[in-house]
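Have a look at the structure below, then the notes.
The values are calculated or read from the model by the stated rules, or taken from the named source; none is laboratory data. Keep in mind the model is a prediction, meaning the values are calculated, not measured. Cβ sites come from the backbone with ideal geometry, for glycine too, and all protein chains shown count toward neighbours.
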Amino acid sequence: MRVTVIGAGVAGLTCATELLKRGAEVTVVDRACDLGPASCSWWAGGMLAPWCEGESAEDEVVRLGEAAADWWAQHAGGVTRRGTLVLAPARDSGELKRFARRTTQHEAVDAAMIGELEPDLAGRFRQGLLFSGEAHLDPRAATAALAERLAAGGAVLRFGTDARHAPQGDVTVDCRGLAARPALPELRGVRGEMLVLRCRALAISRTVRLLHPRIPVYLVPRGVGIYMLGATMIESASRSPVSARSLMELLNAAYALHPAFGEAEVMEIGVDARPAFPDNLPRAWRDGDTVHVNGLYRHGFLLAPAMARRAAALVFGEQADGENEEGRDAHRLERQTL
């Protein structure tokens, strides 16, 4: 089976990995020159946090994401399993209660426990939630590891190659994200803005989510005092530079988490536009000799492994995950209609 995968973002690389495992001859093509800032995977947070995402996402997102940390640990390494700590200022304790009601697999922690988990946050918050089963990774290191292992396993990676000039395989797997919008008019862009900060004074070891009624944020440690802070959620496909308002609100949130971030170095400011369908759920389906994988929304690294397994099953003519694709699509359509 010769398979051409279009797109070397997180969706394309995970699909290529699953296909290579099944014995396919895989070629990955991407119009970008490398695994760099042109891909929205470059700007991802890398949170493998299915139960936290259940606060706003549907049950399917939680279910599909539960095995993500194990998949990444097996295929790319670099997974940090220290859980997610969800916090809120005392005045916003109602937000924490709401978050707890809408999620599972967490335990309540008090001020003393918060200080034990993250000594640098001792005395700053009265209560929080610990999702001990969650994890995170560095997206840039993870995608580079996948690409390296694909090449070592015999896959061909062609950068700087337009999809129109891709080699013809038995099946094409289209993982172009928003670039596929001319063929998939339902797709929309959801803009996210993020910062990479260096704060040498702090040593936070796990993902921290700070709840705030206006702009909840997450902080993901990258090691050696470097943190990713994100992200806004704006209904727009624009990749124009970050706005002053968004920058101010992100930095204010970091300062609310700890005043030491007021002295942090701003290393990078990034913007991406994530592909999403109207129901914010990912889809993988086959149309003739093409398998489409798209709509990962804000859950790219969390959901890509499950969607890659589903895509590989479709390539080889199997039913994915024991589900009936037509039945699930009908359910989605019914929900959208309602």
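Things to note:
- Neighbours by Cβ (under 8 Å, 6+ apart or cross-chain): first from the stretch 280-304, part of a strand (DSSP E or B) and modelled with pLDDT of 95 or more; second acidic (D, E) and buried (at least 24 other Cβ atoms within 10 Å of the Cβ): T290/D174; V291/D174; H292/D174; V293/D174; N294/D174
- Any hit, the stretch 158-165, residues being surrounded by fewer than 18 Cβ atoms within 10 Å (Cβ to Cβ), within 30 Å of A237 (Cβ to Cβ), within 24 Å of the chain's Cα centre (by Cα) and acidic (D, E): no
- Of all residues in the stretch 205-222, those that are charged (D, E, K, R) have Cβ atoms under 6 Å from Cβ atoms of residues that are not in a strand (DSSP E or B), 6 or more apart or on another chain, in R206/R82; R206/G83; R222/D138.
- Residue check for P216: on the phi < 0 side of the Ramachandran plot, over 19 Å from the mean Cα position of the chain (by Cα) and not aliphatic (A, V, I, L, M): no
- Just so you know, in the stretch 232-274 the residues that are of a type in the set (D, E, K, R) and within 21 Å of H212 (Cα to Cα) include one that is nearest to the chain's Cα centre (by Cα), and it is E235.
- Yes/no for E263 being within 26 Å of G36 (Cα to Cα), among the charged types (D, E, K, R) and in contact (Cβ under 8 Å) with a residue 60 or more places away in the chain: no
- So W72, is it of a type in the set (F, W, Y) and either surrounded by 24 or more Cβ atoms within 10 Å (Cβ to Cβ) or touching a Cys at 6+ places or on another chain (Cβ under 6 Å) (or both): yes
- Residue count for the stretch 166-189, restricted to those that are within 17 Å of the chain's Cα centre (by Cα) and either under 26 Å from A76 (Cα atoms) or modelled with pLDDT under 95 (or both): 4.
- Those residues of the stretch 83-102 which are part of a loop (DSSP other than H, G, I, E, B) and either buried (at least 20 other Cβ atoms within 10 Å of the Cβ) or on the phi > 0 side of the Ramachandran plot (or both), in sequence order: G83, A88
- Matching option when the condition is touching a Leu at 6+ places or on another chain (Cβ under 7 Å) and free of Cβ contacts under 8 Å to residues at least 60 places away in the same chain, among A155, A183, A151: A151
- Taking first residues from the stretch 312-327 that are modelled with pLDDT under 85 and partners that are assigned to a helix (DSSP H, G or I) and small (G, A, S), the Cβ contacts under 6 Å between residues at least 6 apart in sequence or on separate chains come to A320/A313.
- Residues that are under 22 Å from the mean Cα position of the chain (by Cα) and part of a helix (DSSP H, G or I) within the stretch 131-157 comprise P139, R140, A141, A142, T143, A144, A145, L146, A147, E148, R149, L150, listed in sequence order.
- Test: residue in the stretch 69-77 that is within 16 Å of R209 (Cβ to Cβ), touching a helix residue (DSSP H, G or I) at 6+ places or on another chain (Cβ under 9 Å) and not acidic (D, E): no
- Hits in the stretch 103-130 - residues which are in contact (Cβ under 8 Å) with a residue 12 or more places away in the chain, part of a helix (DSSP H, G or I) and among the acidic types (D, E): D120
- Residues in the stretch 196-252 that are among the charged types (D, E, K, R), out of contact with any helix residue (DSSP H, G or I) (no Cβ under 8 Å at 6 or more places or on another chain) and assigned to a loop (DSSP other than H, G, I, E, B): R200, E235, R239.
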